[in-house]
Amino acid sequence: MDESKPLKVRLALAVILVGISLLFAAVVTDHWAVLSRSLEENTTSCEAAHFGLWRLCTKRIFMQEQGPKQKSCGPISLPGDHNCSYFKHFTPGETSEIFEVTTQKEYSISAAAIAIFSVGFSIIGTICVLLSFRKKRDYLLKPASMFYTFAGLCIIISVEVMRQSVKRMIDSKETDWIKYSYSWSFACACASFVLLFVCGIALLLIALPRFPQNPWETCMDAEPEH
């Protein structure tokens, strides 16, 4: 038995926990994308927005000086009136004009649902790894590695769905948003994919039985004939 195997598992689990933390940060925060409207001439305020999987936040930014080449509102870090609300398709009592288009609702619901699957897979994988530390339960490392790999694949699919949603929103003639950028929640989701997927594969390789390094090791391990 490889004596360094428990240490390798603990190191892989430590990196995986970082990936899970990034995953949770991406799922619960609302800074996946930032949108801005076009600027009107001689305006004193403009509207920008940022949103995540569940909630949309709009901000009316008070403009002090408008640059000659500035055509869109922002940056969103400027001071202004801030208002957040959950998407209408998650809370019927709320309103969200940005996601009124049926296609955008479908994209938003799909991205949120796939992200929930990712969280579920990561939790089940962690439970399997923790149980594997008990004696004669190393077999749990293999399903744990698959759960982590699935979690990584789910979150990157959610990222792609969100990216397509933002792109279609900007290209649509039904909205006034002309500019977009991805924010730190989006980066957290991408980073969690890399950590969960790579460490999931690494955990699977650790769980596999060690191949004999010398040709005679197999013969020496064989049971004697009676």
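Bear in mind these aren't lab numbers, they're just calculated from the coordinates by the rules spelled out. As the structure is a computational prediction, the values presented were derived from the model and not from experiment. Note that we place each Cβ from the backbone using ideal geometry, even for glycine, and neighbour counts take in every protein chain shown.
In terms of packing, defined here as the mean over residues of other Cβ atoms within 10 angstrom, the peptides 146-159, 6-19, 182-195 line up highest first as 146-159, 182-195, 6-19. Amide H contacts under 5 Å for HIS31: SER185, restricted to partners 5 or more places along the chain or on a different chain, H placed in the peptide plane at 1.01 Å from N.
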